[in-house]
Amino acid sequence: MVRQVRSLDVNDTLAVADQIPNLDVPARLVWGAADEFQEIGDGYRLAYELGAKIARIEDGKYFVPEDHPEEVAAAVNGLLEQMVSER
């Protein structure tokens, strides 16, 4: 985890931040509400910018896909079902 944290560079995100609202892709965010590094408010802001729904995992922290795979799978399946129904 230390290696991952050290490799994060907010400038990578900032470099493309102004392009996010222009993305025309289906998206669903799954965010750990207990994540102290990337706070849930950041997730809501990104979801707003993407025009996407957010699945809030109350006790989720840094590794939501590993710690909460069922919730992540449900969010992905929900997005896929939405995409199929909109066809």
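Each value in this text was obtained by applying a stated rule to the coordinates, not by laboratory testing. From a predicted model like this one, the values you see are computed outputs, not experimental measurements. Counting neighbours? That spans all protein chains shown, and the Cβs are built from the backbone with ideal geometry, glycine included.
Charge dipole of the chain (Cα centre as origin; +1 on each Lys and Arg Cβ, -1 on each Asp and Glu Cβ, all else neutral): 140 debye, rounded to the nearest 20. Of Ala74, Ala52, Ala33, the residue with the greatest mean-square motion in the GNM of the chain, using alpha carbon springs below 10 Å, is Ala74. Comparing Asn22, Asn11, Asn77 in a Gaussian network model of the chain, where Cα atoms under 10 Å apart are tied by springs, the biggest mean-square fluctuation is seen for Asn11. Provide the net charge surrounding Gly41, with neighbours chosen by a C-beta distance below 13 Å and charges set as Lys +1, Arg +1, Asp -1, Glu -1. Charge balance in the 13 Å sphere: -3. Each Lys or Arg adds one and each Asp or Glu subtracts one; over the other residues with Cβ under 13 Å from the Cβ of Glu58, this totals -2.
What is the sum of charges around Glu71, taking Lys and Arg as +1, Asp and Glu as -1, for the other residues whose C-beta is under 11 Å from the C-beta of Glu71? My count for the surroundings of Glu71 gives -3.
Between Gly60, Gly41, Gly32, the GNM of the chain built on Cα springs shorter than 10 angstrom shows Gly41 fluctuating the most.
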